[in-house]
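A.B. asks: This is the structure I want to talk about, given as structure tokens.
The values are calculated or read from the model by the stated rules, or taken from the named source; none is laboratory data. Bear in mind that the values here come from a model prediction, so they are computed numbers and not experimental data. Virtual Cβ from ideal backbone geometry, glycine too; neighbours counted across all protein chains shown.
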Ligand SMILES: [Zn+2]
């Protein structure tokens, strides 16, 4: 009889193989997020309890306190490293205010369950989450070595550029899932250095139609707005035209931006454009109407609920009467309905 807790050798071997199975499962689950090498290594170490956090060092008698070095007053265990710490909570909340959807956890097991099951739409959130946890850990190591920690904003912006650059053109933010639509009740600004262009279309029963859009920076400041009068009968086609029309309006400052987010409220159209750009990655072929999208440094397609696409909706409706292009907020032809909504969405950012 085996001396370990009365279990047979076979039972133990079976358990060991099961454990090995979970380990493999966890490891391959990380692979699917296409993390940067260092982030992946960090997570592998985290899963295998070999991150030199304070409790790890206390066990080996290298350190006397197992508490979080940021003064949280609790053990710096895996639950704290992946989300318990205020620093991670702050950074994730900033990223989510830019319109991304990054989950947060207080419990390592729940976090691993999420990562194991994340697929399709939630992969971006998972990648951003894993990258953020890694960057916050790196910043914590700076603190330990007597340097100043990186600010929450810097960490959030770095996480975005790391993830977007490794997933070039293959990112979508916002909420495809209908049950998540309610999460975004206002317009969300892009990350610093980025531009967000909201587009929309409007159609009247007599086939008089308009497409329109508005470009803003991370502070919600106005950069440009357009509206184009047209005739059409299909609202989806119009929404697609609104994106295609951007190619007539692209300016140097758009190419100089770190990235551009194109946001509309018709998820099917946003998805269609995203797929076209995705397909380009494989086949190097793309509809020539959409080819201009490849010239941006980074591009993200986002689907938002109608309520956070209000300003673009105003542009599309104004365009039914006549086409316009505003490149200066002082342009006297900008109606007060537009200015009022712009101001309202800008004020909402200050209060958030
Ligand atoms: Zn902490």
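A.B. asks: For the structure I just gave you, tell me whether residue 91 is part of a loop (DSSP other than H, G, I, E, B), assigned by TED's automatic domain parsing to the domain that holds residue 35 and either more than 14 Å from the chain's Cα centre (by Cα) or surrounded by 15 or more Cβ atoms within 10 Å (Cβ to Cβ) (or both). Even if it seems obvious, please write down each step before you answer.
C.D. replies: Details: part of a loop (DSSP other than H, G, I, E, B): no; assigned by TED's automatic domain parsing to the domain that holds residue 35: yes; either more than 14 Å from the chain's Cα centre (by Cα) or surrounded by 15 or more Cβ atoms within 10 Å (Cβ to Cβ) (or both): yes.
Considered against the rule, which asks whether it is part of a loop (DSSP other than H, G, I, E, B), assigned by TED's automatic domain parsing to the domain that holds residue 35 and either more than 14 Å from the chain's Cα centre (by Cα) or surrounded by 15 or more Cβ atoms within 10 Å (Cβ to Cβ) (or both), residue 91 comes out as no.
A.B. asks: Quick one: would you say residue 102 is surrounded by 14 or more Cβ atoms within 10 Å (Cβ to Cβ), more than 16 Å from the ligand (Cβ to nearest atom) and without any contact (Cβ under 8 Å) to a residue 60 or more places away in the chain? Working first, answer last.
C.D. replies: Details: surrounded by 14 or more Cβ atoms within 10 Å (Cβ to Cβ): yes; more than 16 Å from the ligand (Cβ to nearest atom): yes; without any contact (Cβ under 8 Å) to a residue 60 or more places away in the chain: yes.
Judged against the criteria, residue 102 is a match.
A.B. asks: Sort out which residues of the stretch 100-112 are modelled with pLDDT of 90 or more and farther than 17 Å from residue 137 by Cβ, and write them in order of number.
C.D. replies: 103, 107, 109, 110 - these are the residues of the stretch 100-112 that are modelled with pLDDT of 90 or more and farther than 17 Å from residue 137 by Cβ.
A.B. asks: For the condition touching a strand residue (DSSP E or B) at 6+ places or on another chain (Cβ under 9 Å), assigned by TED's automatic domain parsing to the domain that holds residue 162, more than 16 Å from the ligand (Cβ to nearest atom) and not in a loop (DSSP other than H, G, I, E, B), what is the one hit in 124, 115? Spell out the reasoning first.
C.D. replies: Working: 115 fails: touching a strand residue (DSSP E or B) at 6+ places or on another chain (Cβ under 9 Å).
The conditions single out 124.
A.B. asks: Name the residues in the stretch 56-86 that are in a helix (DSSP H, G or I) and surrounded by fewer than 20 Cβ atoms within 10 Å (Cβ to Cβ), would you?
C.D. replies: First pass over the stretch 56-86, keeping only residues in a helix (DSSP H, G or I): 56-59, 78-84, 86.
Within the stretch 56-86, 56, 57, 58, 59, 79, 86 meet the criteria.
A.B. asks: Let me ask you something else. Could you list, in sequence order, all residues of the stretch 76-99 that are within 14 Å of the ligand (Cβ to nearest atom) and either at pLDDT below 90 or within 18 Å of residue 159 (Cα to Cα) (or both)? Please lay out each step first, then the result.
C.D. replies: Residues of the stretch 76-99 within 14 Å of the ligand (Cβ to nearest atom): 76-92.
Listed by number, the residues that qualify are 81, 82, 83, 85, 86, 87, 88, 89, 90, 91, 92.
A.B. asks: Tell me which residues, restricted to the stretch 26-39, are surrounded by 12 or more Cβ atoms within 10 Å (Cβ to Cβ) and at pLDDT below 90.
C.D. replies: 26, 27, 29, 30, 32, 33, 34, 35, 36
Per-residue answers, yes or no, for (1) crowded, with 19+ Cβ neighbours inside 10 Å; (2) touching a residue at least 24 places away in the same chain (Cβ under 8 Å); (3) over 21 Å from residue 191 (Cα atoms):
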| site | (1), (2), (3) |
| --- | --- |
| 250 | no, yes, no |
| 264 | yes, yes, no |
| 269 | yes, yes, yes |
| 287 | no, no, yes |
| 309 | yes, yes, no |
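A.B. asks: Which ones in the stretch 338-351 are modelled with pLDDT of 90 or more and more than 16 Å from residue 213 (Cβ to Cβ)?
C.D. replies: Start the filter on the stretch 338-351 by keeping residues that are modelled with pLDDT of 90 or more, which leaves 338-339, 341-342.
The answer is 339, and nothing else.
A.B. asks: Let me ask something additional. Can you say whether residue 51 is over 30 Å from residue 263 (Cα atoms) and either at pLDDT below 90 or assigned to a helix (DSSP H, G or I) (or both), as far as the supplied structure shows?
C.D. replies: Working: over 30 Å from residue 263 (Cα atoms): yes; either at pLDDT below 90 or assigned to a helix (DSSP H, G or I) (or both): no.
No, not satisfied.
A.B. asks: Next up: Please specify each residue of the stretch 48-75 satisfying the condition of being within 11 Å of the ligand (Cβ to nearest atom) and over 27 Å from the mean Cα position of the chain (by Cα). Full working, then the answer.
C.D. replies: Let us first name the residues in the stretch 48-75 that are within 11 Å of the ligand (Cβ to nearest atom), namely 53-54, 67-75.
Answer for the stretch 48-75, where residues must be within 11 Å of the ligand (Cβ to nearest atom) and over 27 Å from the mean Cα position of the chain (by Cα): 53, 54, 67, 68, 69, 71, 72, 73, 74, 75.
A.B. asks: Would you be able to tell me the number of residues in the stretch 320-337 that are surrounded by 14 or more Cβ atoms within 10 Å (Cβ to Cβ) and over 31 Å from the mean Cα position of the chain (by Cα)?
C.D. replies: Adding up the residues that qualify gives 4.
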